[in-house]
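Participant: First the structure, then my questions, so here it is.
What follows draws every value from the coordinates through simple rules; no lab data is involved. All of these numbers come straight from a predicted model, not from anything done at the bench. Every residue, glycine among them, receives a Cβ derived from its backbone with ideal geometry; neighbour counts consider all protein chains shown.
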Amino acid sequence: MSPSINTAPTGPIFSAPPPWNTKATMYLIPFWTSSKTAANLPEKAYHPLEHQSPFSSPQESGKALGGLSMVQIIRYHETPVGPYDELILCPGTFEYPLPDSQDQPAAKKTGKAMRITRIYVSQKYTCWNGRKLWNLPKHLARFEWSTPDPSNPQVQTLRVYPHDHSPPGVPYNATESSPSTTPFFKCTLKTIPYLPSFPFSNLWLPKMGIDVTLVQPPLPENSQASQGELPGTGEDWVKMGGYEQVSKRCKVMWADMDQNEEGGEKKEKDNFFPGLKKWNLAVVMEGGEANFVDGERWSAPRYTL
């Protein structure tokens, strides 16, 4: 049985079919992925499970094209599977195979759409459902929020500790049973004072020529996952064209993406992902809603891209 939408669930994983109508605080950090970067995406673009599967293969799942990209940090307060935190990496647009057409055998065989390549979430229920429902490559992580300066609560730092993260040279632990002691991601969010808030909906973007439709390849299964949270999705692709992110109280912020830790080994120009700078403009959507409907599904064609 599903829990209350604003309380943490317990017990076995359960199916929570769409639509999902949620309440959330959303932090959006846009950036640009160049065609040069897209031609050779860094390894961190994919989780190890998806990296070693057709999900990341340009021949089977379409090549990366770059363009408008996004890091999103979302704090879901109310959902069909309870509250959770989420980190999303969407490094731009990808080619994808269109469904076979029996009536038009010479029809165009590829499309272009944005793709989420890596997601971390803070609980198993959304991990399992996100994979099964929308081919979203979710994995578990511990989310640690802190206020570096107690006198300034408008500044928050997030560190994300994945359950899969292994030190360099150490094989991936397929059980994903506990969080790493080293963060995969760090970001400090700072409010810009005196700027007014404004309304925003991602449904306005197509009118500006920005298509935010997501098309997600099939996902591999990890049967060794300690909580049974990593199902595969067979051969079905999923197109998410009807999701909505909306808020009446949006504000512009600064996002400090420097991944170096105080007292740790300094890594030159480590701002998490190519295209991101140390300081990036971000938008926070306070008191927002994120709504998701069932996606369009089709089996992968038998030709390669």
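Participant: What whole-number value in cubic angstrom gives the convex hull volume per residue for the C-alpha atoms of the range 117-171?
Facilitator: On the way: hull volume 6.7 nm³, N = 55.
Hull volume over Cα atoms, normalised by residue count, gives 122 Å³.
Participant: Of K248, K132, K207, which has the largest mean-square fluctuation in a 10 Å C-alpha GNM of the chain?
Facilitator: K207
Participant: Could I ask something else about it? Output the direction-averaged projected area (hull surface divided by four) of the convex hull of the alpha-carbon atoms of the range 20-299, in nm².
Facilitator: On the way: hull surface 63.7 nm².
Average of the hull's projected areas for the range 20-299 equals 15.9 nm².
Participant: Across 10 Å bins from the origin, how do the percents of Cα pairs in the range 198-243 run, short distances first?
Facilitator: Spelled out per bin, shortest first, that is 23, 30, 24, 19, 4.
Participant: Show the residues, 5+ positions off or on another chain, whose built amide H is closer than 5 Å to the amide H of K63.
Facilitator: The answer is E95.
Participant: Give the whole-number value, in cubic angstrom per residue, of the convex hull volume spanned by the C-alpha atoms of the range 36-169. Please list the in-between numbers first.
Facilitator: Values: hull volume 21.8 nm³, N = 134.
Cα-based convex hull of the range 36-169, divided per residue, equals 163 Å³.
Participant: Roughly how many whole Å is it from the C-alpha centroid of the range 205-270 to that of the range 174-195?
Facilitator: So the two Cα centres are separated by 13 Å.
Participant: Say we join alpha carbon atoms closer than 10 Å with springs in a Gaussian network model of the chain; which of N280, N152, N271 then has the biggest fluctuation?
Facilitator: N152
Participant: Relative contact order for the chain: what percent, with Cα pairs under 8 Å and sequence separation of 6 or more?
Facilitator: Numbers: 743 pairs, mean separation 63.4, N = 305.
About 21 percent, as a whole number.
Participant: Taking only the alpha-carbon atoms of the range 153-236, what semi-axes of the equivalent ellipsoid follow from 5 times the gyration tensor eigenvalues under a square root, in whole Å, largest first?
Facilitator: Values: eigenvalues 231, 123, 22 Å².
Computed over the range 153-236, the values are 34, 25, 10 Å.
Participant: Name the lysines eligible as straight-distance cross-link partners of K23: C-alpha to C-alpha under 16 Å, and not fewer than 8 places from it in the same chain.
Facilitator: Straight-distance partners of K23: K248.
Participant: Still on this structure, I have one more. Kindly put V252, V212 in sequence by how many other C-beta atoms sit within 10 Å of each C-beta, fewest to most.
Facilitator: Numbers: V252 14, V212 17.
Taking fewest neighbouring Cβ atoms as first place, the list is V252, V212.
Participant: With θ set to phi - 60° and the Karplus curve 6.51 cos²θ - 1.76 cosθ + 1.60, what are the ³J(HN,Hα) couplings of the range 251-256 in order, to the nearest whole Hz, using x for Gly and Pro?
Facilitator: Residue by residue, the range 251-256 yields 9, 7, 9, 9, 10, 8 Hz.
Participant: In a GNM of the chain with a 10 Å cut-off on Cα contacts, which of E261, E286, E78 has the highest mean-square fluctuation?
Facilitator: So, out of E261, E286, E78, the one fluctuating most is E261.
Participant: Please determine, in degrees from 0 to 90 and to the nearest 10, the orientation of helix 124-134 with respect to the longest principal axis defined by the Cα atoms of the chain, where the helix direction is its Cα long axis.
Facilitator: That works out to roughly 40 degrees.
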